[in-house]
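I have placed the structure first, in the form of structure tokens, so that the comments after it can refer back to it.
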Amino acid sequence: MSTPSVDPTAAIHPSVHLGPGCRVGAGASLASGVFLQAAVELGARVKVGPNAVFIQRDFAEDGVAGVAPILVGDHVSIGANATVLGGVVIGEHAVVGAGAVVTRAVPAHAVVAGNPARIVGYASSPTATASKQVVASALADEAFPLRVGRVELRRLPTIVDLRGALSHGEFPGELPFVPRRCFLVYGVPSPEVRGEHAHRALEELLLCVSGEVAVAVDDGVTRGEIVLDRPDVALHLPPMVWSRQYRYSPEAVLVALASAPYDAKDYVRVYEEFRDLVQECDPARG
């Protein structure tokens, strides 16, 4: 395995250990006591706090023993005493909390904490407007419709009497498109993340009809978190918006209406590809 490679602009404390095959990108900062065992690649402007460790896990491929590389994207922040295990990929602008133990991939812009590390939120980046959190139940009825970048929160018409409440939606007028497909998501363990993609042409309308779920949205310019916790509030996702759903409450039931039948080719499942497509379609959003 090759000797370590360090960009001359990186700031490395004298006590840092760099194992064979490690690479440190431009402007990276590694504090005292950081330990990179082997085959760790840190991108540009990565910040690693004191005593964070990157430990390899042995694996065999075609009968040959080796190590699984650890890849850390640009502008990632890793807190003090964090542990990152072999084979993990950490996406750009992600934040790893102090003391976290990262055992699996971390999406771009995610904030993770705990042992094992779980997603607790999403961070903004210098190229986007500041993150914005919106909680549906905290909004007055007159606040709707409410836009967060290109996504929109809509309140469905609701009828309430002694027998209970009824919400409804018709097209045109109350729904932004004619639904062609419907699916439900429920029974999701709270640490799990769903979504993690964008659509090229499909539109979706999300309603949490029981419990609550957080939805992170990113249109290439504006990034935000929307907590769906009212059954009469729907989130409209137009095409080319990257979204993730997480922090499901135990009783959460998420209903999704889609503008077209399922088409695997319509999905964009790699964040870097989404970012590139946004730039191609509209340079101002890149």
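Quick check on ALA52: is it in the same structural domain as ALA68 (by TED's automatic domain parsing), among the small types (Gly, Ala, Ser) and closer than 26 Å to HIS109 by Cβ? Walk me through how you get there before you give the answer.
Values: in the same structural domain as ALA68 (by TED's automatic domain parsing): yes; among the small types (Gly, Ala, Ser): yes; closer than 26 Å to HIS109 by Cβ: yes.
Against the criterion (in the same structural domain as ALA68 (by TED's automatic domain parsing), among the small types (Gly, Ala, Ser) and closer than 26 Å to HIS109 by Cβ), ALA52 qualifies.
Output the residue which, of all residues in the range 240-284 that are charged (D, E, K, R) and buried (at least 18 other Cβ atoms within 10 Å of the Cβ), is modelled with the highest pLDDT.
ARG244
Being at pLDDT 95 or above and either in contact with a Lys or Arg (Cβ under 8 Å, 6 or more places away or on another chain) or not hydrophobic (A, V, I, L, M, F, W, C) (or both): is that true of ILE78 here?
Working: at pLDDT 95 or above: yes; either in contact with a Lys or Arg (Cβ under 8 Å, 6 or more places away or on another chain) or not hydrophobic (A, V, I, L, M, F, W, C) (or both): yes.
So ILE78 fits the description; yes.
VAL160: exposed (fewer than 12 other Cβ atoms within 10 Å of the Cβ), in the same structural domain as LEU257 (by TED's automatic domain parsing) and at pLDDT below 95, yes or no? If you could, list the steps in order and put the result at the bottom.
Working: exposed (fewer than 12 other Cβ atoms within 10 Å of the Cβ): yes; in the same structural domain as LEU257 (by TED's automatic domain parsing): yes; at pLDDT below 95: yes.
So VAL160 passes the test.
Being assigned to a strand (DSSP E or B), over 24 Å from GLU273 (Cβ atoms) and at pLDDT below 95 narrows it down to one residue among ALA38, ALA65; which is it? Quick ask: steps written out before the conclusion?
Numbers: ALA38 fails: assigned to a strand (DSSP E or B).
Only one candidate qualifies: ALA65.
Which of the residues that make up the range 222-271 are touching a helix residue (DSSP H, G or I) at 6+ places or on another chain (Cβ under 8 Å) and either closer than 12 Å to CYS208 by Cα or part of a strand (DSSP E or B) (or both)? Break it down into steps so the answer makes sense when it comes.
Step one: list which residues in the range 222-271 are touching a helix residue (DSSP H, G or I) at 6+ places or on another chain (Cβ under 8 Å), which gives 226-230, 233, 240, 242, 260, 268.
Result: ILE226, VAL227, LEU228, ASP229, ARG230, VAL233, TRP242, VAL268.
What number of residues within the range 143-157 satisfy the criterion of being in a strand (DSSP E or B) and without any contact (Cβ under 8 Å) to a residue 24 or more places away in the chain? Can you show your working first?
Step one: list which residues in the range 143-157 are in a strand (DSSP E or B), which gives 146-148, 151-155.
Now drop any that are not without any contact (Cβ under 8 Å) to a residue 24 or more places away in the chain, which leaves 146-147.
Selection size over the range 143-157: 2.
Output the number of residues of the range 192-221 satisfying the condition of being in contact with a helix residue (DSSP H, G or I) (Cβ under 9 Å, 6 or more places away or on another chain), at pLDDT below 95 and surrounded by 20 or more Cβ atoms within 10 Å (Cβ to Cβ).
Counting residues in the range 192-221 that are in contact with a helix residue (DSSP H, G or I) (Cβ under 9 Å, 6 or more places away or on another chain), at pLDDT below 95 and surrounded by 20 or more Cβ atoms within 10 Å (Cβ to Cβ) gives 3.
The values are calculated or read from the model by the stated rules, or taken from the named source; none is laboratory data. All figures in this text were calculated on a predicted structure; none of them were measured in a lab. Reconstructed Cβ throughout: ideal geometry from the backbone, glycine too, with neighbour counts over all protein chains shown.
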